[in-house]
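Taking it in order: structure first as structure tokens, then the write-up.
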Amino acid sequence: MRNDVPEVGYRSGALLAIALTAVLALSLTACGAQQPQTGSVTDGGATPAAAGGGDTIKVGILHSLSGTMAISEVSVKDAEMLAIEEINAAGGVLGKQLEPIVEDGASDWPTFAEKADKLINEDGVATVFGGWTSASRKAMLPVFERNQELLWYPVQYEGLEASPYIFYTGAAPNQQIIPGLEYLKEQGHQRIFLLGSDYVFPRTANKIIRAYAAANSLEIVGEEYTPLGHTEYSTVINRIKSADPDAVFNTLNGDSNVAFFKQLRNAEITAEDLPVMSVSIAEEEIKGIGPENVAGHLVAWNYFQSLESPENEEFVAAFKDRYGAERVTTDPMEANYAGVYLWAQAVEKAGSTEPEAVKEAAAGLTFQAPGGTYTIDGNNQHLFKTARIGVVQPDGQIEQVWATDEPVEPDPFLRTYGWASELAPDEG
């Protein structure tokens, strides 16, 4: 581990569109007239319009625009729309403008599956960018696999999964959860309390954390789950106090974090008394919680708005210009902002929107994103990403206090950790 690592390898965000344009030109030149510029997407029933038979290429945007997860997912939708607008301004993809079709998953997992099926089979989109919770991803996964179409999923998750029809642009557990644990251990925290929302991500993440703790002389002194959208945490906070941990590992999602951190502060428990390491709150959620209620606590991500690089400065400026100076950027927003560009590059390289051609072209693609250099691992369709730990500041921004020296190879099944051998029986 190291502190205050200087960021290297970034390029100006203003050059993103220019670079993409160069890739488009190179791809078109390389492909020549012999290569189809659009795929005849027949697998899964995509229409010729989606494949680029008309003047546009339809792409799906599917997030919770209402319900408990809207606090997080609306901003991801906004970042994806920004990337689409920038790509269109640079000439589009395969010479065609991208046409976003936006749907609301409504924080309801069956609705995500229904809307994914609609986007594929009724709207004929070429790909879909969407989801946040693992429950929504798990609901959509069979839809994309059955139709052999592609989902670009933007959020860190619990791993132990690698679908051939999902690109995972957020962190695998070895790029976020494990670095978070290693940081707590390095800081001398030995007694950990686990708090999470009651669904697949927190429960699986905590299985990983328990296995890590057993192998690293950490003690799990308590474990509590509450339903998504839960807002009464006084009982949980009393249990945390009784367990007397020296850190909390927080996998709550959505607006439950607002209630938890406000009530933790009302109980006069500060970050100095009991640091909370969170893996699902970023700058957007901090606004909702109130910086005064969460300042000093820890977060683990791959991207912070405060990162100093020309690419990130341009990304943040473009987002604020588009949506307002009060808006902030976050890790999941940046992850699928980059995801849209990576998909566009893969389509240009393939000369087609056909999913199998895009998958083949995407393997090994590298993109200089606001958060650093991202490379698609062709074996599991996750990204090489830099792991980062930050401290929430009183102004709502996050100060990086630790980072890996270079992007970390994704290990979704934790194959490189002996202590995790019983967690990953199948590689999907």
- request: Name the lysines eligible as straight-distance cross-link partners of residue 349: C-alpha to C-alpha under 21 Å, and not fewer than 8 places from it in the same chain.
  value: 58, 96, 359
message: Suppose accessible area is computed on protein heavy atoms with a 1.4 Å probe; arrange 160, 274 from highest to lowest.
response: 160, 274
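Largest first, how would 287, 77 line up by accessible area (1.4 Å probe)? Kindly include the intermediate steps, with their values, before the conclusion.
Numbers: 287 95, 77 45 Å².
Ranked list, largest accessible area first: 287, 77.
Could you work out the local net charge near residue 65, counting Lys and Arg as +1, Asp and Glu as -1, over the other residues with Cβ closer than 9 Å to its Cβ?
Numbers: positive: 77; negative: 73, 103, 104.
Net charge in that neighbourhood comes out at -2.
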statement: The lysines whose Cα lies under 30 Å from the Cα of residue 185, excluding any fewer than 8 residues away in the same chain, are 207, 241, 262, 287, 385
Set of aspartates and glutamates with alpha-carbon distance to residue 118 below 12 Å, sequence-local pairs under 8 removed: 103, 104
query: Pick from 227, 245, 355: which is most flexible by mean-square fluctuation in a GNM of the chain where alpha carbon atoms under 10 Å apart are linked?
result: 227
statement: For residue 129, the residues 5 or more places away or on another chain with a placed amide H closer than 5 Å to its own amide H are 60, 61, 62, 152
field: Net charge dipole size for the chain [Lys, Arg +1 and Asp, Glu -1 on Cβ; Debye, nearest 20]
entry: 300 debye
- request: Ignoring everything but the protein chains, give the 1.4 Å probe accessible area of residue 145 in square angstrom, nearest 10.
  value: 70 Å²
message: Classify the range 319-428 from the C-alpha gyration tensor, please: rounded if a/c falls under 1.5, else prolate or oblate depending on whether a/b exceeds b/c.
response: oblate
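At 1.4 Å probe size, with the rest of the protein present, what percent of the exposed accessible area of the chain is carbon and sulfur atoms?
On the way: 7240 of 14920 Å².
With neighbouring chains kept in place, the figure for the chain is 49 percent.
Loop only by DSSP, 14 or fewer other Cβ within 10 Å of the Cβ. Give me the trypsin sites (Lys or Arg not before Pro) in the range 350-428 that pass, ordered by residue number. The partial results should precede the final answer.
On the way: sites: 359, 385, 388, 415; in loops: 415.
Taking the range 350-428 and a limit of 14 other Cβ atoms within 10 Å, the loop trypsin sites (Lys or Arg not before Pro) found are 415.
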task: Please report how far the C-alpha centroid of the range 149-225 lies from that of the range 259-325, rounded to the nearest whole angstrom.
output: 19 Å
message: Give the residue list of GluC sites (Glu not before Pro) in the range 277-318 that are DSSP loop and have at most 14 other beta-carbon atoms within 10 angstrom.
response: 308
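Probe of 1.4 angstrom, ligands and nucleic acids ignored: what's the accessible area per residue over the chain, in square angstrom? Show your work: numbers first, answer last.
Details: 14920 Å² over 428 residues.
In whole numbers, the chain has 35 Å² accessible per residue.
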field: Neighbour net charge for residue 207 - beta-carbon separation under 13 angstrom, K R +1, D E -1
entry: -1
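The values are calculated or read from the model by the stated rules, or taken from the named source; none is laboratory data. Keep in mind that this is a model prediction, so the values were computed, not measured. With ideal geometry, Cβ positions are generated from the backbone for all residues, glycine too; neighbour counts draw on all protein chains shown. Side chains are part of the model used for accessible areas, which takes the heavy atoms of the whole protein and leaves out ligands, DNA and RNA. Shrake-Rupley method; radii C 1.70, N 1.55, O 1.52, S 1.80 Å.
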